[in-house]
Amino acid sequence: MIETRSTCPYCGVGCGVIIESDGAQITGVRGDPQHPANFGRLCSKGSTLHLTASAQVNAQVRLLQPLQRFERGQAPQPVAWSGALDTVATRLADTVRTHGPDAVGVYVSGQLLTEDYYVFNKLTKGLLGTNNIDTNSRLCMSSAVAGYKQTLGADAPPACYDDLQHASTLFIVGANPAFAHPVLFRRVEDAKRANPDLKIIVCDVRRTDTAELADLFLPIQPGTDVALFHGMLSTMLWEGWVDSAFIAAHTEGFEALKATVRPYTPELVAQLCGITPAQLHQASRWFAGVQDDGSRRPSLSLYCQGLNQSSAGTDKNAALICLHLATGQIGKPGTGPFSLTGQPNAMGGREVGGLANLLSAHRDLANPQHRAEVAALWGVDRVPERPGKTAVEMFQAAADGEIKALWIACTNPLHSLPDTSTVRRALERAEFVVLQDAFATTATAAYADVLLPATTWGEKEGTVTNSERRISRVRAAVPPPGPLDNGPRHDWRIAVDVGQRLERLLASPASSGTLFPYDSPESVWNEHRESTRGRDLDITGLSYAQLEQAPAQWPQPEGAAQGKARLYEDGVFPTSTGRARFVAADYRPVAEPRDARYPLALTTGRLRDQWHGMSRTGTLGRLFGHVREPVLSLHPQDMAVRGLTDGDIVSVRSRRGSLYIPVQASSDLLPTQAFVPMHWGPELLGGQDAQGAPATGVNSLTNPAYCPSSKQPEFKHSAIAVDKAVLPWGLVAMAWMPAEQALQIRSALGALLGGFRYAACGVFAGDDATQTGVWLRAAHETAVADEIVLRVEALMRLDGLATARYADARTGQRRSVRTRPQGADTVLAAFALAGDTRSQAWVAALLEQTGAVQALGRSLLAATSQPPLPMAAPAKVVCACFGVTEDAIQRGLEAASGDAAQRLGAVQQQLKCGTNCGSCVPQLQRMARLVAQPVAAT
Ligand code: SF4
């Protein structure tokens, strides 16, 4: 067994991992105890990485060799790398010659490594001659970038993870780190344990698991963050809590901001935000940190997509940073605005300037001197001046016919961009679409003319930068799967291979003969390092050899022994005057307010155990133990007025799209608000829209309106209408399958989803690692065509001799069950219920619990909600690491004694739940508190 140090490929916490491998197979993963981001911890996603890299998973979901689709709508055919690369280069060159360079769009990803990003950026801006390169980081961090630059002068988060230990107040706003940055949240919990006086303010439109830890929860109305921040500053001014000395010495523009915030009285803010004046006062006091003796305690803000994904995203970031500047809460231990990066390398992409408005090393495209510097670094005459199209603009331009060729790498825009109907139109209308990806199963893959297989986690070499500016090495533990001479290649290598062909076709502008003289990721990184000389992120004092030893934070200029943990300790900021700038932007409401036709406010967010479009996490049944199926959450009051009960299917409409989805009540939301997890794309949540066309996932509903400064779209607020759907005909099918076939069967089921009004499918876990559960649920107004049901039955292997069946073609009823021997018993292996699905709960429970069914005979086919024998309800898994169910935890908590902490401690000792990754700890604490409450009351 070999151990290889690397980095988790999911979120921006950037945890170090140790990969265990045996030959060409990854066999295990654990947290790296020496990595300063996580000190050995991993969350549920990170700790299951090795399972997503198994030979079984790779064989079923990976793109293993280049493919070309010779006719759109047909299956793509395997081709050799040389042919695929020639095709891509020729089609791109033809597009440039015929329509000009701006007819090409390159759309990359915050999950690429810094080296990959660097080559893509140079190829697009230095060779193709267009700035049309953007990334899914535009959907994630561009408002944070713009906010930092407007106020502090550079895109540089000033704080670090250690600041959690020093803060006296934590202001967590528009972020749910309990789900989105779990290992960082463990550090928040540690900080609270170590210092019970630590005040935690959580501000969010939803009462998330993060709010469980809050001393003060501010459930603000969507989009009102700027009003809240201005109200806090107004209160601080009134109370004399601002730091006038800091403002005078280190900032400019405060008078204008003072005038802007003056009207934000407690009463107005309470009305706009939906909180009380007392809550506003409390938050302001804790944030300012002023003590009776005049000293000031440190305050740290943690924020993420709730601020960024907004049509006023830059203003929200800037207004929060202004609170830090006004109170001097920056540049000292335990202080500062600290944007939590969503993706593993959104930061690295920004460092190399891999966005439509940026250039290498935090240079600005709009700055002629910066363009000249980059042209000199690259050895080309010029870098194009015209700003490129950002993510939303790029796909709109392709849908409009302006962009003719799209090169998409390591991302799935048909899942992740807002208004996915427009994205689908873009992919259909573009004359040439290249998808470079590790996975063959994404929705975007169906529209690619050429598919280039890329290596992925465990196979790649390079670097990433996490939220605290820390650069870590990503290392290969195994070779990629696939044919030896025609298998996946590294992303930077593919870009070089295409780039060198394009140089021959377009005549390279490089003075040295080629723009791509690279033979390793290190050679790319060295060029990137040189581009940072003298810039705010200068890493000329770092080398790959040093990074081999330990991750390092930037900046680390030549001669510096180490990087900087925190920035601006001297009060000097990277602006033209050295002073930080206050920004006097007024509060602007959401782009699409609720109205009579669309009376509910939809927000999106993450599930605890899933990542983005689930192309990787969605391969593991156990990561669906927490939440298995798509569901829209509504406040109980909004359920009641629509006559809805949990599980009803509703029609959801926005101005852009529609879909059908089950609904559930949630008191975590305020009335008039709705929530849906962002992960459900068209791969697993199918069905049809209101016009009968195939639905395009939850982002068919979301709003592409974007912040004018950052161009980041407003995922966090879309006006929607929700109505009960009348879909009396149902279909529920579940089966245990050999693990080496389950994901292929799921993909085949996915291809059928468009035949129903509502349909979703997925996998679930069993106790036996050789078996994976596959499920499909669908509903329609009337019975669908027989061949669709027969196809589902065939995929679930309900067409053989071991299948018992009931069918009534006249009423559209079909029920079938397949059994198999297990020891002395017979257990349920698969079932499909079409038409009347009343028996689904108990039949599903029998299948999942693998209970003996030999005595039940044909009663398994009965259309009744009453089980033929007494049985327990299906278990809901809370702890994904140890498979501990809600029931077992509840029983344990009730049997234990003492307060909530004591009961939880006893249960954890007994069941181990929450003792590995800790992702379920907030839920365990909530359960413990509920059980302990009666004790506390007596
Ligand atoms: Fe990976 Fe979880 Fe760490 Fe994020 S918190 S980097 S997902 S292990």
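Summary table
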quantity: Enumeration of residues in the stretch 66-96 that are in contact (Cβ under 8 Å) with a residue 40 or more places away in the chain and farther than 30 Å from residue 474 by Cβ; calculated: 69, 72, 90, 91, 93, 95, 96
quantity: Of all residues making up the stretch 505-564, the number that are touching a Gly at 6+ places or on another chain (Cβ under 6 Å), within 30 Å of residue 98 (Cβ to Cβ) and open to solvent by 20 Å² or more (accessible area, probe 1.4 Å); calculated: 2
quantity: Inter-residue pairs, beta-carbon under 7 Å, first closer than 13 Å to residue 913 by Cα and in a loop (DSSP other than H, G, I, E, B) and in the stretch 868-892, second among the acidic types (Asp, Glu) and open to solvent by less than 60 Å² (accessible area, probe 1.4 Å), 6+ apart; calculated: 880/609
quantity: Exclusive hit being under 24 Å from residue 444 (Cβ atoms) and open to solvent by 50 Å² or more (accessible area, probe 1.4 Å), set 751, 760; calculated: 751
quantity: Condition met for residue 883 (surrounded by 22 or more Cβ atoms within 10 Å (Cβ to Cβ), within 29 Å of the chain's Cα centre (by Cα) and modelled with pLDDT under 90); calculated: no
quantity: Residue check for residue 89: within 16 Å of the ligand (Cβ to nearest atom), out of contact with any Pro (no Cβ under 6 Å at 6 or more places or on another chain), open to solvent by less than 10 Å² (accessible area, probe 1.4 Å) and on the phi < 0 side of the Ramachandran plot; calculated: no
quantity: Those residues of the stretch 796-817 which are under 36 Å from the mean Cα position of the chain (by Cα) and buried (at least 24 other Cβ atoms within 10 Å of the Cβ), in sequence order; calculated: 796
quantity: Total residues in the stretch 368-379, condition in contact with a Leu (Cβ under 7 Å, 6 or more places away or on another chain) and within 13 Å of residue 508 (Cα to Cα); calculated: 1
quantity: Output for the stretch 464-485, where each listed residue is within 16 Å of the ligand (Cβ to nearest atom) and either in a strand (DSSP E or B) or modelled with pLDDT under 95 (or both); calculated: 464, 465, 470, 471, 472, 473, 474
quantity: Residue among 926, 903, 820 that is of a type in the set (Lys, Arg) and open to solvent by less than 40 Å² (accessible area, probe 1.4 Å); calculated: 903
quantity: Residue list for the stretch 445-463, restricted to those being more than 14 Å from the ligand (Cβ to nearest atom) and assigned to a loop (DSSP other than H, G, I, E, B); calculated: 448, 449, 455, 456, 459, 460, 461
quantity: Residue check, residue 463 open to solvent by 10 Å² or more (accessible area, probe 1.4 Å), of a type in the set (Ser, Thr, Tyr) and in contact with a Pro (Cβ under 9 Å, 6 or more places away or on another chain); calculated: no
quantity: Checking residue 49 against (1) at pLDDT below 95; (2) within 16 Å of the ligand (Cβ to nearest atom), the condition it does not meet; calculated: (1)
quantity: Residues located in the stretch 285-320, provided they are open to solvent by 20 Å² or more (accessible area, probe 1.4 Å), closer than 30 Å to residue 343 by Cβ and in a loop (DSSP other than H, G, I, E, B); calculated: 298, 309
quantity: Criterion: without any contact (Cβ under 8 Å) to a residue 24 or more places away in the chain and of a type in the set (S, T, N, Q) - qualifying residue of 702, 645, 672; calculated: 645
quantity: Residues (part of a strand (DSSP E or B), open to solvent by less than 10 Å² (accessible area, probe 1.4 Å) and more than 13 Å from residue 685 (Cα to Cα)) located in the stretch 651-671; calculated: 652, 663
quantity: Residue check for residue 329: touching a residue at least 24 places away in the same chain (Cβ under 8 Å), in a loop (DSSP other than H, G, I, E, B), touching a Cys at 6+ places or on another chain (Cβ under 7 Å) and open to solvent by less than 10 Å² (accessible area, probe 1.4 Å); calculated: no
quantity: Spans of helices (runs of 4 or more DSSP H) in the stretch 137-211 with at least 1 residues under 22 Å from the mean Cα position of the chain (by Cα); calculated: 142-151, 177-180, 182-194
quantity: Filter result for the condition that a residue is among the polar types (S, T, N, Q) and farther than 23 Å from residue 656 by Cα, over 444, 411, 455; calculated: 455
quantity: Every residue from the stretch 154-190 that is surrounded by fewer than 20 Cβ atoms within 10 Å (Cβ to Cβ) and within 16 Å of the ligand (Cβ to nearest atom); calculated: 189, 190
quantity: Selected residue [out of contact with any strand residue (DSSP E or B) (no Cβ under 7 Å at 6 or more places or on another chain), more than 26 Å from residue 418 (Cα to Cα) and either β-branched (Val, Ile, Thr) or at pLDDT below 95 (or both)] from 374, 380; calculated: 380
quantity: Boolean, residue 493 is without any contact (Cβ under 8 Å) to a residue 24 or more places away in the chain and assigned to a helix (DSSP H, G or I); calculated: yes
quantity: Residue count, the stretch 1-44 (criterion: within 11 Å of the ligand (Cβ to nearest atom), within 21 Å of residue 303 (Cα to Cα) and not hydrophobic (A, V, I, L, M, F, W, C)); calculated: 5
quantity: The stretch 726-738, residues that are surrounded by fewer than 19 Cβ atoms within 10 Å (Cβ to Cβ) and in contact (Cβ under 8 Å) with a residue 40 or more places away in the chain; calculated: 726, 728
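Condition check ((1) among the aromatic types (Phe, Trp, Tyr); (2) without any contact (Cβ under 8 Å) to a residue 60 or more places away in the chain) across all residues:
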residue	(1), (2)
528	no, no
546	no, yes
556	no, yes
565	no, no
573	yes, no
577	no, no
580	no, no
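Results for (1) out of contact with any helix residue (DSSP H, G or I) (no Cβ under 6 Å at 6 or more places or on another chain); (2) over 30 Å from residue 318 (Cβ atoms), shown as yes or no for each residue.
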{"position": "678", "(1), (2)": "yes, no"}
{"position": "683", "(1), (2)": "no, yes"}
{"position": "689", "(1), (2)": "yes, yes"}
{"position": "712", "(1), (2)": "no, no"}
{"position": "718", "(1), (2)": "yes, no"}
{"position": "726", "(1), (2)": "yes, yes"}
{"position": "741", "(1), (2)": "yes, yes"}
{"position": "754", "(1), (2)": "yes, yes"}
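The values are calculated or read from the model by the stated rules, or taken from the named source; none is laboratory data. Here the structure is a predicted model, which means the values were calculated and not measured. When we count neighbours, we look across all protein chains shown, and the Cβ atoms used for this are built from the backbone with ideal geometry, even at glycine. These accessible areas exclude ligands, DNA and RNA; they are computed on the full protein's heavy atoms, side chains included. Shrake-Rupley method; radii C 1.70, N 1.55, O 1.52, S 1.80 Å.
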